[in-house]
Amino acid sequence: MNYYSMNDYCRETFGKKLYKLSLDGGFTCPNRDGTKGKGGCIFCSAAGAGEFAAHGADVNEQLEQAKKRVAAKNKNGGYIAYFQSFTNTYAPVSRLRELFLPVVERPDVDVLSIATRPDCLGNDVLTLLSDLNKKKPVWVELGLQTVKPESIAFIRRGYETEVYVRAAAALKARGIYLITHVILGLPGETAEDMEQTLRCALAAGTNGVKFHLLHVLKDSDLYPLWLEGKIKTLTKEEYLLLLQRLVPLLPPGVAVHRLTGDGDKKTLVSPLWSANKKDVLNSIHNMKTP
């Protein structure tokens, strides 16, 4: 299946492949500290999606650790400093500036990428991101996941879809590159429901999409539901058919930043086929475009 990938975008924009350096900024989340909830989103791990992030008090040390991990692969590429764990704008703007500005000013960093929630983008944060974006490209990742009301309640997202739409508009108005997360396989969702979610992201002007299959980790609140047989995950064939339907809907220039889930093999319990990422990607690439 043909699609416009993140690597395609990076080669066109930066003239080289970029490697992600996953970082932990020491944040929490309003869906965990009691502001919006205490358990986090139902699919989220104890690490807040930061299982593969470097750790440590000093971000520069984290960057050096992460660079060593990709050193064998990175011959002529550059780097994306990716703040991945939890909600990475959930702090006073003074702290965000102290954290992000030195990273942006590093000559070895080509992009600052920030994963956050659309309800954690106040005007002061947006101004900071806009200022940083003038120094070096800033990408912001937002977790839309779904637009189906029943699914929003089930995953405990904690904000209405309109909050995402407004945040997307605010980022786009400031020229900030937007990546949107979409989950495939939520309980009770049809292919039409998932298509509606993707169309919402596209209408909001997203520049990139991360497709995730719903997967169950032992340290998530999905795990007991899975043990009780109350939820099921997609088969590989079901997931491939969904991608075959959804990926061709992406307009030219909208990049695919992820095609499959990337759960930690140590805690992944379902679907186990997703752990073999190379096989999954080969299967996707071998599919025919409708």
Pull up the stretch 116-144, narrow it to residues that are among the polar types (S, T, N, Q) and part of a helix (DSSP H, G or I), then point me to the one that is most open to solvent (accessible area, probe 1.4 Å). 123
Would the stretch 10-31 turn up any residue that is open to solvent by 50 Å² or more (accessible area, probe 1.4 Å), part of a loop (DSSP other than H, G, I, E, B) and modelled with pLDDT under 90? no
Among the candidates 109, 147, 59, single out the residue that is open to solvent by less than 10 Å² (accessible area, probe 1.4 Å) and either closer than 26 Å to residue 189 by Cβ or touching a residue at least 40 places away in the same chain (Cβ under 8 Å) (or both). 109
Scan of the stretch 62-113 for residues that are more than 23 Å from residue 178 (Cβ to Cβ) and among the polar types (S, T, N, Q), ordered by number: 62, 65, 74, 76, 94
Which members of the stretch 70-102 meet the condition of being touching a residue at least 60 places away in the same chain (Cβ under 8 Å) and small (Gly, Ala, Ser)? 77, 78, 81, 85, 91
Those residues that are under 21 Å from residue 86 (Cβ atoms) and either in a helix (DSSP H, G or I) or among the hydroxyl-bearing types (Ser, Thr, Tyr) (or both), I need them from the stretch 155-169; list them, please. 155, 159, 163, 164, 167, 168
Can you pull out the residues in the stretch 178-193 that are more than 15 Å from residue 250 (Cβ to Cβ), outside any loop (DSSP other than H, G, I, E, B) and either open to solvent by less than 60 Å² (accessible area, probe 1.4 Å) or touching a Lys or Arg at 6+ places or on another chain (Cβ under 7 Å) (or both)? 183, 191, 193
Test: residue 36 is among the charged types (D, E, K, R) and either under 21 Å from residue 20 (Cβ atoms) or modelled with pLDDT under 90 (or both): no
Quick check on residue 113: is it part of a strand (DSSP E or B) and small (Gly, Ala, Ser)? yes
Of all residues in the stretch 54-100 being among the aliphatic types (A, V, I, L, M) and not in a helix (DSSP H, G or I), the one that is modelled with the lowest pLDDT: 54
Within the stretch 158-175, how many residues are open to solvent by 80 Å² or more (accessible area, probe 1.4 Å) and farther than 15 Å from residue 125 by Cβ? 2
Find the residue count for the stretch 155-198, including only residues that are of a type in the set (Gly, Ala, Ser), within 17 Å of the chain's Cα centre (by Cα) and closer than 19 Å to residue 211 by Cβ. 2
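The values are calculated or read from the model by the stated rules, or taken from the named source; none is laboratory data. These numbers were taken from a predicted model, which means no experiment stands behind them. Backbone-built Cβ (ideal geometry, glycine too); neighbour counts: all protein chains shown. Each accessible area value is taken on the protein alone, full model and side chains, heavy atoms only, with ligands, DNA and RNA left out. Shrake-Rupley method; radii C 1.70, N 1.55, O 1.52, S 1.80 Å.
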